[in-house]
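The next block holds one structure in the form of structure tokens; read it before the comments.
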């Protein structure tokens, strides 16, 4: 019996201690970066006023890998930066390139945790100052459509590399994340949901031709398909608007992340869509948290089109069970608990409260060099206390909230103990009793001082054999069901910590 008690003690210690491991902590001190990798070529309209036609543009990315890593099957994150679908610095924003300081910081952090991370550029170009609203909507939906094509082109590039180039980046092609920041959030949300061209044929994305007949703003034969795998040609002048890249490889991916941005329309969302993680300021003036109109921030402001934000996206994700992999995962970390106080119970949604909501501090994670950035004065209008230190605190939260959800969504084999409160309390503090024990058919956990939140049961090899979540009650009766006779460790979780109890089924 003494030997058995020692084994249980060591097992419980392993459950409650946080161990450094891949995908949960920064195991690697440095990263290696391959800059300006060409992942495709496609037609840009950015120089149309000068060239009179769309011209081919190389699509470039920077690929971050953990330096010295020997793993050859790593999850891949494709990161799309912000920037208003316009080139920096002409966009008036302090951000807008794949090498933005915020993008580099996040990509390096994730690579140090063991991921392969590709920060991509994508095609830009539209006229936010167009005279009519129809013209502005036309420009924006076409820019977003091209961004989705480019993100999917990047995914196919890596799958082609696996198949034809001996997987030179060492990725697992079945574990891919698309992560969009700001404008990139529009791209990632659309790429996660826009799987059929017909979804674009909504009244708000249809204009009229010169005869007053309905005319879609995006035409598949002209713009190419939603994946960027078919030729798009304008029949009026023969201008090629889409070149296929890496045809025959899948554009699918497994987990979506948006930091800001919005979804073109919630009708694009379907039951069974992939899990999604959203970070957004509820007072974001540039992209609605729930529903609203995209506004061009000029004087006077110019309306573009009504879209839906992270709140409505995550409400539907919860309604359809698309994020159940998050809700069923056992973690009680500080980031989760903070999010749960303000996300209306939508696991996967983190409402970000900046330090200056009165001026629309919609991206407090953003930072840049004031001395060298030509748009610094514009940037501090909505982020007046911008600094690397401030951004770092928000990036800590973003990465901390992302980490456990990615581990479960991508099945990365992370240690469950890394995402629970590390404070172990004793049964007396919780007023916890466990009876009967030994038991035949069921065991009842009764707490007099605090509510039980979850109960997880492990065998002596450390394998999770039962999980009961969202209990939130002082008493829980756990049925034996198909558990074999033997000794188990029940981890009873409270908001203030955990209690490990030995349970014996006869």
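Please treat every number below as a calculation from the coordinates, not as lab data. These numbers were taken from a predicted model, which means no experiment stands behind them. Note that we place each Cβ from the backbone using ideal geometry, even for glycine, and neighbour counts take in every protein chain shown.
Can you tell me, using C-alpha contacts under 8 Å and at least 6 residues apart, the relative contact order of the chain as a whole percent? Relative contact order here is 13 percent.
Relative to the longest principal axis of the Cα atoms of the chain, helix 388-409 runs at roughly 70 degrees. Residues 171, 380, ranked from the fewest to the most other C-beta atoms within 10 Å, line up as 380, 171.
The value of relative contact order for region 243-351, using C-alpha pairs under 8 Å at least six residues apart, is 26 percent. Assign one of three labels to region 348-447, namely rounded, prolate or oblate, based on the Cα gyration tensor with a ≥ b ≥ c the square roots of its eigenvalues; rounded applies when a/c is under 1.5, prolate when it is not and a/b is larger than b/c, and oblate otherwise. Verdict is prolate for region 348-447. I'd like the orientation of helix 133-164 relative to the chain: the angle between its Cα long axis and the longest Cα principal axis, in ° from 0 to 90, rounded to 10. The answer is roughly 60 degrees.
With everything on Cα atoms, drop me the angle between helix 101-112 and the longest principal axis of the chain, reported from 0 to 90° to the nearest 10. In the chain, helix 101-112 runs at an angle near 40 degrees to the longest axis.
Let me check against my output: what whole-number percent is the relative contact order of region 423-506, with C-alpha pairs under 8 Å and at least 6 apart?
Relative contact order here is 34 percent.
Inter-part distance, region 361-417 to region 422-499, computed on C-alpha centroids, equals 37 Å. Over all Cα atoms in region 221-371, the spread is summed up by Rg and Dmax: 18.9, 59 Å. Distances between every pair of Cα atoms in region 433-506, grouped in 10 Å steps from 0 to the bin holding the largest one, split as 20, 59, 21, 1 percent. The modelled label-to-label distance for the pair residue 70/residue 220, using points 7 Å beyond Cα in the direction of Cβ, is 4.9 nm. FRET efficiency for the pair residue 131 and residue 36, taken as 1/(1 + (r/R0)^6) with r the Cβ-Cβ distance and R0 = 56 Å, rounds to 0.90.
Annotation: the residues 296, 504, 148, sorted from fewest to most other C-beta atoms within 10 Å of their own C-beta, follow the order 504, 296, 148.
Between residue 298 and residue 252, the simple label model (points 7 Å from Cα in the Cβ direction) yields a spacing of 4.4 nm.
Once you have a ≥ b ≥ c as the square roots of the Cα gyration tensor eigenvalues for region 33-182, tell me rounded if a/c is under 1.5, and otherwise prolate or oblate according to whether a/b is larger than b/c. Prolate shape, in that a/c is at least 1.5 and a/b is the bigger ratio.
Sum -39500 (n - 2.57) across every DSSP H segment of at least 4 residues in the chain, then divide by the residue count to get the 222 nm mean residue ellipticity, nearest 500.
Theoretical 222 nm ellipticity from helices: -7500 deg cm²/dmol.
Once Rh is set to the Kirkwood radius over Cα pairs, what Stokes-Einstein translational diffusion coefficient, in µm²/s, holds for region 125-238 at a temperature of 20 °C and a viscosity of 1.002 mPa s? Stokes-Einstein gives a translational diffusion coefficient of 136 µm²/s.
Legend: ranking of residues 61, 337, 386, 450 from fewest to most surrounding C-beta atoms inside 10 Å; resulting order 337, 450, 386, 61. In this structure, residue 482 and residue 201 have a Cβ-Cβ separation that, at R0 = 51 Å, corresponds to a calculated FRET efficiency of about 0.50.
Value of Rg to Rh for the chain, rounded to two decimals, is 1.03; Kirkwood radius and Rg both from alpha-carbon coordinates.
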